[in-house]
Every structure is written in structure tokens, then in C-alpha cells.
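We did not get these values from a lab; they are worked out from the coordinates using the rules stated. If you're wondering where the values come from, they're calculated on a predicted model, not measured in any experiment. Here the Cβ is made from the backbone with ideal geometry for all residues, glycine too, and neighbour counts use every protein chain on show.
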Amino acid sequence: MLDVATQPSPVTLDRDAPILEIRRLRTEVPTSHDPIVLLDDVSLQVHAGRMLAVVGESGSGKSMTFLSALGIAPPPCRVAAGSVLFEGKDLTRFSPEELRRLRGAGISMVFQDPLTALNPVFTIGQQMVEVIRAHRAIGRRAAWAHATDMLARVQIPDPPGRMHAYPHQLSGGMRQRVLIAMAIALDPRVLIADEPTTALDVTVQAQILELLDGLRRETGMGLVLITHDLGLVARYADQVAVMYGGRVVEAAAAGPLFATPRHPYTRALFRSIPRLDAALEEDLPTIPGHPPNIAELPPGCAFAPRCWLRGARADCETERPPLVAVGEAGHRSACLHWPDMAHAA
Ligand SMILES: Nc1ncnc2c1ncn2[C@@H]1O[C@H](COP(=O)(O)OP(=O)(O)OP(=O)(O)O)[C@@H](O)[C@H]1O
Ligand code: SF4
Ligand SMILES: [Mg+2]
């Protein structure tokens, strides 16, 4: 059986080849009639040593994309089409056992809910040793030493002491560091961090992002940051994918995406970033309207009911816009009328 966790990958000469590539992924929930389509035609690329930020409102499919890619979409959700290439191998063809070995070693994910990710009745050390030994044939003592090193690497003070702590004895920021330590303990080539800072206060958020970014630079791993926080995206991301209604609606390098967004939803998202100089009593700006119910997407563009650019254009309500190249290298948008954005307010 192919063991992606321990087999060295063939050396790739193409430095720009993605290390993880999701191609045209479709995830559905079967029903007695037509399936509910949670993700449709989602394509993303993660490159070694770079950070891909995946942004979009709640329910847009950010977490589901990576759960599906790793073969852990919660039943009854199932991948219905597409491929997921990791170092040239298609994960959608992997057995459950091959996928289990891949997770943690080749690709690690820090899950969205840090409280449920740690078991309250075991110490940090016990849990880390278990994870390490599930993937590596090393003794308990060596695994303990490695886990202690990992706590030091994520800048937890007094690592030997913290190995004996229970999760509730740590602050939220420290628990998040422990989860990151677990995730990097097996030297993954790709780390997916799902909202790693949402529950934390602003200072700790910045520290966790600095930590992740530093690890990315040191190890050369590809980093995926799933986030609502566009401030973090602007500061750290190399590439950005914007999701809406279970699809990618815009993707580009971070610079061009911020300078010249090519989808009305992306521009609306940027305008909803609170300004640092805004008066405290001012309401946070939000995008008018509600994110779509994925089970009842309109036939045309899913953003049409909220779109400031649409005006009287009839095709927006009848035609599902494909994600197409929009000029600059790698910049893609799923808006039928993106060229008109330059002239619109
Ligand atoms: N277990 C499940 N069964 C059926 N549908 C689900 C399940 N989990 C998520 N979904 C649906 O899949 C869609 C995408 O959800 P997902 O969790 O990926 O959103 P998200 O972008 O990560 O949102 P958030 O920012 O709130 O985490 C949503 O419509 C959600 O209702
Ligand atoms: S296709 Fe039409 S509704 Fe959709 S984002 Fe573009 S202008 Fe707006
Ligand atoms: Mg999520």
C-alpha cells in the first residue's frame, strides 16, 4: 500500500507547481430528489512556502472545501466530482487508511473549534505523544522529547512543565499554540489553519499569525489560512481565494486582488473592513442582504440579489457565471460584467 506519510516524494523541478491542487471539486448531500450541492466546481492551488487565504462569509464553503479534500467531510456530505492532487497523487482515490496516514503527516489541519480538538481528560503531553506515535514508529520517551521540542517551537513558555498541564489550565491562545504544535509535529508539507484566531483577542491573534507565518518561512510548508479577517489576509497572504455560495468567485495574488478586485462581492467585502479610525459607537459596516441559502441558490449568479453592479442586466439572473481569467496572470473572476467595475462607484 502506498504510504504517503513516509515515502519521500519525487523531487519536483517545477518550483511553481502547486503542492496541493483541488480541481473542480463538487460536494453534495444526497436527498430523495436532487442532491443539495454544497460545493460546486471549486478549484484551488496551494504552493510550497506560500500562504493561501480563503475568505468569505459564514456558510460559503471554506471549511467544507478542505474537509472534502482530506476525505473527512461529515456524512452525509460526499465528494461527487473533482480531484485533489497532493504531490501528484489523487487523494479522492485514496483508501480511508491511506487518507488517515496522510492527515497529520503530509497534510495537517488545525480545526475551527479548538475546544473540541483537545480532550479535557488527558494532559497536553499525553495527547501529543499519541498523535506522534500514531504516525511514527518511535518510542514513548522519544515522542515525549519531540513533543516538548514542538511546544518550544510554538513559543510556549516552560515546555517540560506544560506537557503535564490539562487543556483547561491553559489560556485560549496557549491552547491554539498547542494545536499548532500538534499539527506541525509530523513535518507536514501543507498546514490548513481553519479560523485559527477567531476566538482570541486581537493581540493574541497577531501573535498566532506571526507564529504561523514564521513556521511557513522556516519549514517551506504551504499554509492555508481560512479566515473572515481581511486585515490578516492583506498582511500575510500571497494568494487569496474568495468563496461565495459554495464556489470560488475570485482568486488572485493578494496584491492585485486588493488593488483591483474583479468581483463585486470582493469589493463589497473590502468595504466592510472596519476602519481603525472609525468612531467606536459606529456600527461595523456589513454587506447589505444575507448570504445565500446553499440549498436554494438562484439559477444565475448567486450574488445577484445583493449585487451593487447588476442594475438591469438580465443575464445575471439566468446565467451561472464561470470563473474565468480576467487579464493579469492568474487573476480569475466569476462575474459576467467585471470590466464594468472600473467605471462603477
Ligand atoms: N454536516 C453537514 N451536513 C450538511 N450540510 C453541512 C454540514 N456542514 C456544513 N454544511 C453546509 O455546508 C455549507 C458550507 O459550510 P462550511 O462549514 O464550509 O462554511 P464556512 O465557509 O466554513 O463557514 P464559517 O465561516 O461559518 O465556518 C453550508 O451551507 C453548511 O450549512
Ligand atoms: S454576474 Fe451580475 S450579479 Fe453576479 S456579480 Fe457580476 S454583475 Fe453582479
Ligand atoms: Mg468554517
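Among 200-208, 142-150, 239-247, 50-58, how do they line up from the highest to the lowest mean number of other beta-carbon atoms within 10 Å?
Numbers: 200-208: 15.1, 142-150: 18.2, 239-247: 24.6, 50-58: 21.8.
Ranking, from highest mean packing down: 239-247, 50-58, 142-150, 200-208.
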Burial ordering of TYR166, TYR265, fewest other beta-carbon atoms within 10 Å first: TYR166, TYR265
Cβ-based exposure ranking for SER32, SER272, SER333, in which fewest neighbours within 10 Å come first: SER32, SER272, SER333
Per-peptide average of other Cβ atoms within 10 Å, ordering 61-70, 210-219 highest first: 61-70, 210-219
The chain: projected area of the alpha-carbon convex hull, averaged over directions, in nm²: 19.7 nm²
The chain: most fluctuating residue of VAL79, VAL29, VAL110 per GNM, C-alpha cutoff 10 Å: VAL29
Protection proxy ranking of 37-46, 82-91, 116-125 - average other beta-carbon atoms within 10 Å, highest first: 37-46, 82-91, 116-125
Using alpha-carbon coordinates, inclination of helix 172-184 to the longest axis of the chain, degrees: 80 degrees
Dipole-positive endmost among HIS228, SER333, ALA147 within the chain (Cβ charges, Cα centre): ALA147
Principal-axis tilt of helix 124-135 within the chain, Cα atoms, nearest 10 degrees: 80 degrees
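What net charge is computed for the residues neighbouring ARG162, neighbours being all others with C-beta under 15 Å from the C-beta of ARG162, Lys and Arg scored +1, Asp and Glu -1? Write down the numbers at each step before the final one.
Details: positive: ARG153, ARG175, ARG177; negative: ASP149, ASP158.
Taking every Cβ under 15 Å from that of ARG162, the sum is +1.
Determine the relative contact order of the chain: mean sequence separation of Cα pairs under 8 Å and six or more apart, normalised by residue count, in whole percent.
Details: 616 pairs, mean separation 68.5, N = 345.
Relative contact order, the chain: 20 percent.
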Cβ-based net charge around ALA342, under 12 Å, with every Lys or Arg adding one and every Asp or Glu removing one: +1
Between helix 140-153 and the chain: long-axis angle, C-alpha atoms, 0 to 90°, nearest 10: 50 degrees
Leading residue at positive end of dipole, the chain (Cβ point charges), from VAL249, ILE208, ALA117: ALA117
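For the stretch 287-345, what is the relative contact order in percent, using Cα pairs closer than 8 Å and at least 6 residues apart in sequence? Write out the running numbers ahead of the final one.
Values: 51 pairs, mean separation 15.2, N = 59.
Once normalised by length, the contact order is 26 percent.
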Neighbour net charge for PRO299 - beta-carbon separation under 12 angstrom, K R +1, D E -1: -3
